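To start, the structure itself, in structure tokens.
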Amino acid sequence: MIMDFAEEDVMLVQESDEEENSDLSDSELQEAFAKGLLKAGMNVLVEKPKKSVNNVEGLKQCLADFRKDLPWVERLDLTNLPAEDPLSKVEGKVPNVTNGEVNADDDFQREMFFYRQAQATALQALPLLNKNGISTKRPDDYFAEMAKSDQHMQKIRKRLISKQTILEKSEKAKKLREQRKFGKKVQIEVIQKRQKEKKAMMNAVKKYQKGMTDKLDFLDGDQKMGKESTQGSKKALNKKGPNAKRKFKDQKFGFGGKKSGKKWNTKESHNDVSSFRAKVANAKGGKGGKKGKVGKNKRPGKSVRKKMKSRS
């Protein structure tokens, strides 16, 4: 406790000494501010100029510490100009890109400079890598682990499938709504047509009741409509023509008329002997004529079979 009090006394003495050594105390500054003697801009903090030191030997020593004489395989650094543009070479133009002069504001020129420089670096680095025995091509059995896990990819797949199903459902709902609208439209048209027919029939009935007409055609309206529809379908079939089955039968059996007596001889056919062949008629030719069938195992008759049974 005695040591703590002694330290506090020392601190107080130091603060009092600093106040005495300062040009103006706080009380004096307060009095000057009250009198209006202190104005803005009178008291300005002035920083002392920094001394610049050009220690060349020290910088060289740091550079020597950083620098390490390592082989190129460990460094893999290349510094080169961009590759030549074959199109400009053919056209005879000398682009500024090869000289290293690039307009920084021209995006296309700047990106082409990067592209050509990377191309030149690759052309220079590949032979060096092959020379040092470093493979530059991926092997056939190379297996690269994916950056995302299978569980994450399954989640993404499920989400995509859910989005696709939602889109399909919405499309189906749109189609159903359109079909319902179309169905309602057709239904309304049918109802309006029936109302018109009913109105026309009622007018015809009223006219008949009043004796204005003697005809009862309005009662056969539905039958007429049915007949007209059947006639229209028949006309449509006639326009289309007969089907393949009908054509085949017409070609085989003809188009109607007299069928019997087609193979009867007439005077002209009897006198016509142009298709007569003697060899065919007398069966003298090797190919023509009919040969009788000779059975190998001819079965005996019933009486012969009975006799054979009685003998046995």
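Bear in mind that the values in this text are calculations on the coordinates, not laboratory data. Owing to the predicted nature of the structure, the values given are computational and were not obtained by experimental measurement. Counting neighbours? That spans all protein chains shown, and the Cβs are built from the backbone with ideal geometry, glycine included.
Given 0.36 nm per residue, what is the gain on full extension from MET212 to ASN80 after removing their alpha carbon distance, in nm?
Details: separation 132, 0.36 × 132 = 47.52 nm, distance 11.16 nm.
Full-extension gain reported as 36.4 nm.
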### Message
Report the gain in length on full extension from GLU145 to ASN103: 0.36 nm times residue separation, minus Cα-Cα distance, nm rounded to one decimal.
### Response
10.9 nm
#### Entry: FRET efficiency, SER135 to ASN55 (Cβ-Cβ, R0 41 Å, nearest 0.05)
0.30
### Approximate spin-label separation ARG305-VAL73, in nm, with each point projected 7 Å along Cα-to-Cβ
10.6
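Starting from the Cα-Cα distance between GLU168 and LYS181, subtract it from 0.36 nm times their residue separation and give me the gain in nm to one decimal.
Numbers: separation 13, 0.36 × 13 = 4.68 nm, distance 1.99 nm.
That works out to 2.7 nm of additional length.
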